[in-house]
Amino acid sequence: MILTVDGLRQGQLVISTAGRDQGRHYLIWNTLGERFLEVVDGEKHPLDRPKKKNVKHVRVTMSVATEVEQALLESKPIKDAQIVAAIQRRKNELEEGDRFHG
């Protein structure tokens, strides 16, 4: 289990493991201190209203929306529709990986 935000990247896909949003997929938008993340999904939690999550309450995947990460690094504008599309692509990649690896 990951206990701190060290090593996590903006645009990295996480899955909520606790709370009313359990099972929901998000992208990391920002880190808040050592234990909290701001996550977005482009729908219920758009860019202007990110959700604060304890890092203990998410499952971190190795999948990163590099297009989102790059846009953030370059200070380019990002739209909620881009977040939704990026999450959907990463979810599809995870499902394909699960299908091939058991």
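Side notes on the structure shown:
- Unique residue being surrounded by fewer than 19 Cβ atoms within 10 Å (Cβ to Cβ), among the small types (Gly, Ala, Ser) and at pLDDT below 95 when the list is SER63, SER75: SER75
- Single residue of LYS76, LYS52 found to be basic (Lys, Arg), within 12 Å of the chain's Cα centre (by Cα) and on the phi < 0 side of the Ramachandran plot: LYS52
- The stretch 1-26 - residue that is under 21 Å from GLN70 (Cβ atoms) and assigned to a loop (DSSP other than H, G, I, E, B) and, of those, modelled with the lowest pLDDT: VAL5
- Scope the stretch 6-31; condition over 17 Å from LEU94 (Cβ atoms) and of a type in the set (Phe, Trp, Tyr); matching residues: TRP29
- Only residues that are of a type in the set (A, V, I, L, M) and crowded, with 20+ Cβ neighbours inside 10 Å were counted across the stretch 1-57, and they come to 8.
- Criterion (touching a residue at least 40 places away in the same chain (Cβ under 8 Å), in contact with a Pro (Cβ under 8 Å, 6 or more places away or on another chain) and not hydroxyl-bearing (Ser, Thr, Tyr)) met by exactly one of VAL5, VAL64, VAL55, VAL40: VAL40
The values are calculated or read from the model by the stated rules, or taken from the named source; none is laboratory data. Nothing here was measured: the structure is a model prediction, and the numbers come from that model. Don't worry about glycine lacking a Cβ; one is built from the backbone with ideal geometry, like all the others, and counts go over all protein chains shown.
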